[in-house]
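What follows is a set of notes on a single structure, which appears directly below.
The values are calculated or read from the model by the stated rules, or taken from the named source; none is laboratory data. All values reported here derive from a predicted model rather than from experimental measurement. Reconstructed Cβ throughout: ideal geometry from the backbone, glycine too, with neighbour counts over all protein chains shown. To get the accessible areas, we keep the full protein, side chains included, count just its heavy atoms, and leave off ligands, DNA and RNA. Shrake-Rupley method; radii C 1.70, N 1.55, O 1.52, S 1.80 Å.
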Amino acid sequence: MALAKRIIPCLDVDNGRVVKGVNFVGIRDAGDPVEIAKRYNEQGADEITFLDITATHEGRDTTVHTVEQIASEVFIPLTVGGGIRTIDDIRTMLNAGADKVSINSAAVHNPDFVRQASDRFGAQCIVVAIDAKRVSADGEPGRWEIFTHGGRKPTGIDAVAWAAKMADYGAGEILLTSMDRDGTKNGFDLGVTRAISDAVPVPVIASGGVGNLQHLVDGVKEGRADAVLAASIFHFGEYSVPEAKAFMQQQGVEVRL
Amino acid sequence: MSTNRIAVIDYGMGNLHSVASALEHVAPEAQVTITSERAVIEQADRVIFPGVGAIRDCMAEIRNSGFDALVPEVIASGKPVLGICVGMQALMDHSEENNGVECLGQLPGTVKFFGKNLLDEQGEHLKVPHMGWNQVSQLTDHPLWQGIENGSRFYFVHSFYVQAEKREQVVGRCHYGLDFDVALSDRNLFAVQFHPEKSHTAGLQLLKNFVNWNGRV
């Protein structure tokens, strides 16, 4: 009997529509985030992460409305990330029904924002998202740095030290995405996952690269992640959440069934 | 039959929409109000006492709003009351958080820190906060456990845990490095450390049980 490792489907949402495509049996309107969140909820997902990639101001209003709709029908934790830059942004999302917000580049630009946010709303709802890229050569000990702008812009900040600093500043959880692995389906970067998980006292969500169910197990067992996040393997119906959980349980990972 | 009026006490700490919408979901016929008005709380048929964030800030807001007097009155009135998360912690005597904070003393016991060196059975460090889905052992039959399998998982997120003084009040326990009390019952009062409003089927069932509970054990 122990705390279950969490499986978190991630929805990338642009202007109120899930992008990257989704293919659920029986749902024709596959891009509706509310329908998709409900489906994952019914399948037994442990949380939902909603990543807003909307660029326009008008689109942000759509996002708030979508979050409200999801929160009124889905009774599992909901994290909203993307474009969270101010205390007002956080308040807006929490009032719309998000349980946690995920802060990414705003933390890099102003680390004190994380401290302020955590003081104001509590560490339990502040997730810091880290986009890390390996900068060490093959054969060298692993070293990873923080990148912004979708992995294009290096910051020179060491990812492991940064994660520890963010936990110290009041992040209640770290969402770690490997920019080398994101979209590759080659599995998580287990090196950086393990390094950060061992370095911080708070839970770590592994993200980026899941292509099969063994990758989820590896993220937990070798990467020591507390939760695993995936998008496309679930969206395209390659695997369902119950299949993922059954496999993880067979491999000795404690899950909520 | 008269309307079932449910008041969710709002003392300015955090978002209460999740609790309210979960209640509306399980009891569409009920009238759910998020409120800080004494009259609304007094007239309600049942009351939810939630809480998130740091206990010092919560207790400060509770005292500022006069709820340090009202909440004990509501409990004494005999109507069903459900404390959730920091709401449960605020009902205890005292919390270790924020260098020690006096709480409402409605349930004897203290709130303690999990600690930085919390270990599992294999000696591995456990993350704090205790965040995620953990199993709850039901120690007794209670109307609020009805229809919920013993050992069901609920969603937790907390760094401090309750240690009740009166063991007969403990109706639910959990294990995370150590055993701790996650559901307490005293007559018309029920208090839980987990978030039923975020605990999917098991959580919604508990809220449904609360909505139909007459406050008697």
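For first residues located in segment A:83-98 and within 14 Å of chain B (Cβ to nearest Cβ), partners that are small (Gly, Ala, Ser) and open to solvent by 40 Å² or more (accessible area, probe 1.4 Å) and lie 6+ apart or on another chain with Cβ distances below 8 Å form the pairs A:94/B:14; A:97/A:72. Scanning segment B:188-197 for residues being within 12 Å of another protein chain (Cβ to nearest Cβ) and either open to solvent by less than 10 Å² (accessible area, probe 1.4 Å) or closer than 17 Å to residue B:141 by Cα (or both) gives a total of 2.
Among the residues of segment A:21-45, the ones that are modelled with pLDDT under 95 and assigned to a loop (DSSP other than H, G, I, E, B) come to 12 in all. Assessment of segment B:126-137 against the conditions (closer than 27 Å to residue B:68 by Cβ, within 11 Å of chain A (Cβ to nearest Cβ) and either within 14 Å of the chain's Cα centre (by Cα) or not in a helix (DSSP H, G or I) (or both)) yields at least one matching residue. Within segment A:144-163, is there a residue that is open to solvent by 20 Å² or more (accessible area, probe 1.4 Å), within 14 Å of another protein chain (Cβ to nearest Cβ) and either closer than 29 Å to residue A:43 by Cβ or of a type in the set (A, V, I, L, M, F, W, C) (or both)? Scanning segment A:144-163, I find no residue that is open to solvent by 20 Å² or more (accessible area, probe 1.4 Å), within 14 Å of another protein chain (Cβ to nearest Cβ) and either closer than 29 Å to residue A:43 by Cβ or of a type in the set (A, V, I, L, M, F, W, C) (or both), so the answer is no.
For the structure I just gave you, tell me whether residue B:98 is surrounded by fewer than 16 Cβ atoms within 10 Å (Cβ to Cβ) and either assigned to a helix (DSSP H, G or I) or hydrophobic (A, V, I, L, M, F, W, C) (or both). Yes, satisfied. For segment A:68-82, give me each residue that is of a type in the set (Val, Ile, Thr) and within 11 Å of another protein chain (Cβ to nearest Cβ). Residues satisfying the conditions are A:70, A:74, A:76. Please note which helices (runs of 4 or more DSSP H) are completely contained in segment B:16-78 and include at least 2 residues that are open to solvent by less than 20 Å² (accessible area, probe 1.4 Å) and either within 12 Å of chain A (Cβ to nearest Cβ) or touching a Lys or Arg at 6+ places or on another chain (Cβ under 6 Å) (or both). In segment B:16-78, B:17-26, B:55-64 are the helices (runs of 4 or more DSSP H) which contain 2 or more residues that are open to solvent by less than 20 Å² (accessible area, probe 1.4 Å) and either within 12 Å of chain A (Cβ to nearest Cβ) or touching a Lys or Arg at 6+ places or on another chain (Cβ under 6 Å) (or both). For segment B:172-179, the criterion of being free of Cβ contacts under 8 Å to residues at least 40 places away in the same chain, in a strand (DSSP E or B), within 12 Å of chain A (Cβ to nearest Cβ) and surrounded by fewer than 22 Cβ atoms within 10 Å (Cβ to Cβ) is satisfied by at least one residue.
Taken over segment B:155-173, residues that are in contact with a Gly (Cβ under 8 Å, 6 or more places away or on another chain) and closer than 24 Å to residue B:18 by Cα amount to 4. Identify all residues within segment A:46-99 that are within 18 Å of residue B:15 (Cβ to Cβ), assigned to a helix (DSSP H, G or I) and among the β-branched types (Val, Ile, Thr); write none if there are none. Correct list: A:63, A:64, A:66, A:67, A:70, A:87, A:90, A:92.
Scanning segment A:223-247 for residues that are away from chain B (no Cβ under 14 Å) and part of a helix (DSSP H, G or I) yields A:232, A:233, A:234, A:235, A:243, A:244, A:246, A:247. All of (1) under 22 Å from residue B:38 (Cβ atoms); (2) in contact with a Phe, Trp or Tyr (Cβ under 9 Å, 6 or more places away or on another chain); (3) hydrophobic (A, V, I, L, M, F, W, C) hold for residue B:69 with one exception: (2). Of all residues in segment B:198-217, count the ones that are within 14 Å of another protein chain (Cβ to nearest Cβ), of a type outside the set (Val, Ile, Thr) and assigned to a helix (DSSP H, G or I). Within segment B:198-217, residues that are within 14 Å of another protein chain (Cβ to nearest Cβ), of a type outside the set (Val, Ile, Thr) and assigned to a helix (DSSP H, G or I) number 9. Annotation: of all residues in segment A:114-132 being out of contact with any Gly (no Cβ under 8 Å at 6 or more places or on another chain) and crowded, with 20+ Cβ neighbours inside 10 Å, the one that is nearest to the other protein chains (Cβ to nearest Cβ) is A:128.
Okay, residues lined up against (1) touching a residue at least 60 places away in the same chain (Cβ under 8 Å); (2) buried (at least 23 other Cβ atoms within 10 Å of the Cβ); (3) within 11 Å of chain A (Cβ to nearest Cβ):
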position: B:142; (1), (2), (3): yes, no, no
position: B:151; (1), (2), (3): no, no, yes
position: B:158; (1), (2), (3): yes, yes, yes
position: B:162; (1), (2), (3): yes, yes, no
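Select from segment A:2-20 the residues that are assigned to a loop (DSSP other than H, G, I, E, B) and out of contact with any Ser or Thr (no Cβ under 8 Å at 6 or more places or on another chain) and write down the one among them that is modelled with the lowest pLDDT. So, considering only residues that are assigned to a loop (DSSP other than H, G, I, E, B) and out of contact with any Ser or Thr (no Cβ under 8 Å at 6 or more places or on another chain), the one modelled with the lowest pLDDT is A:19. Per the listing A:209, A:183, A:223, the residue uniquely at pLDDT below 95, under 18 Å from residue A:144 (Cβ atoms) and open to solvent by less than 10 Å² (accessible area, probe 1.4 Å) is A:209.
In segment A:65-76 there is no residue matching the filter, namely being small (Gly, Ala, Ser), open to solvent by 10 Å² or more (accessible area, probe 1.4 Å) and at pLDDT below 90.
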